[in-house]
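As structure tokens, the structure follows; a few thoughts come after it.
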Amino acid sequence: MPDLTINEFNGKYRINDFYRPIAEKLVHKFPELKHITVASILFLDNTEGSGKSKDKIRCAQIGTIQEKWSDIIYQFTGKRFDYFIEFFRQNTERLTKEQLITVVYHELAHIGTDGNIRHHSIEEWANIVAKFGPDWLAPHLVIPDLLEDGFQWDGIQSPNLFSSIDEQMINIVKAAVEWKQAKENLKSVNSADELITSTLAENSAEKQLINQINQYNASIKQTP
């Protein structure tokens, strides 16, 4: 795809197709991304924004482009974009190549098979955090290259990333996310049968969370 930028443009938002080949290689390599059409994504650099949201610093964010603006862009360029990925340059400039590739993967994984933007599943969250660690975006941290030949999620050995207690904390977070999702599902039931099923699922998820917390508390008592 040809460069869409105007070289002399120095505004806040700048189209940057540097990320496109990274995304294309990731989609080609990982089956969980195979439904994504990279040509439908507009890659942007935010040259001024901090990416801060609720005290959390983000390196990038993904969103959908309204049909009106998609049509307008198409009339000017002959190219149609349904999504944008916005990279916050203040935060990405400090990343290693491997970290930046993982950021692109992380944003692509938000695109569901139905085309909607979604939250990450428990498994996807575990892939990145449990394998690379909770601080995988720390400056200059050495992490695996997702595009390296032979890379497989299951091939990453992470026994030194977490202690047994840290692993139990991850399990608590997973259980909490599942419980929250079960509670959200209760709000959208349409029948008595769905209400019963969703209520049972919510109760089960809550019990699992309590169980994980109890196991964690027991481990702390046993720790010298």
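Working only within region 49-91, note down all residues that are of a type in the set (Gly, Ala, Ser) and either crowded, with 18+ Cβ neighbours inside 10 Å or at negative phi (or both).
So the first thing to find is which residues in region 49-91 are of a type in the set (Gly, Ala, Ser), and the list is 49-51, 53, 60, 63, 70, 78.
Residues satisfying the conditions are GLY49, SER50, GLY51, SER53, ALA60, GLY63, SER70.
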Do any residues in region 93-115 that are over 15 Å from GLY63 (Cα atoms) have Cβ atoms under 9 Å from those of residues that are part of a loop (DSSP other than H, G, I, E, B) and of a type in the set (Phe, Trp, Tyr), where the two are at least six apart or on different chains, and which pairs are they?
-> GLN99/TRP136; THR102/TRP136
Those residues that are within 15 Å of ASP149 (Cα to Cα) and in a loop (DSSP other than H, G, I, E, B), I need them from region 10-30; list them, please.
-> PHE30
Would you call LEU44 in a strand (DSSP E or B) and under 19 Å from PRO21 (Cβ atoms)?
-> yes
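Might you let me know whether region 177-188 holds any residue that is within 22 Å of HIS119 (Cα to Cα), touching a Phe, Trp or Tyr at 6+ places or on another chain (Cβ under 6 Å) and not assigned by TED's automatic domain parsing to the domain that holds HIS119? Steps first, answer last, please.
Applying the first criterion (within 22 Å of HIS119 (Cα to Cα)) to region 177-188 yields 177-188.
This time we only want the ones that are touching a Phe, Trp or Tyr at 6+ places or on another chain (Cβ under 6 Å), so: none.
For region 177-188, residues within 22 Å of HIS119 (Cα to Cα), touching a Phe, Trp or Tyr at 6+ places or on another chain (Cβ under 6 Å) and not assigned by TED's automatic domain parsing to the domain that holds HIS119: absent.
Take the conditions in the same structural domain as ALA138 (by TED's automatic domain parsing), under 24 Å from LYS174 (Cα atoms) and modelled with pLDDT of 90 or more and apply them to GLN75. Does it pass?
On the way: in the same structural domain as ALA138 (by TED's automatic domain parsing): yes; under 24 Å from LYS174 (Cα atoms): no; modelled with pLDDT of 90 or more: yes.
For GLN75, the condition - in the same structural domain as ALA138 (by TED's automatic domain parsing), under 24 Å from LYS174 (Cα atoms) and modelled with pLDDT of 90 or more - is not met.
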Of all residues making up region 47-89, the number that are part of a loop (DSSP other than H, G, I, E, B), among the hydrophobic types (A, V, I, L, M, F, W, C) and touching a residue at least 40 places away in the same chain (Cβ under 8 Å) | 2
In region 92-114, what residues are crowded, with 18+ Cβ neighbours inside 10 Å and of a type in the set (S, T, N, Q)?
-> THR92, GLN99, THR102
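The values are calculated or read from the model by the stated rules, or taken from the named source; none is laboratory data. What you are looking at is a predicted structure, and each value in this text was computed from that prediction instead of being measured. Glycine gets a Cβ as well: all are built from the backbone with ideal geometry, and neighbour counts include every protein chain shown.
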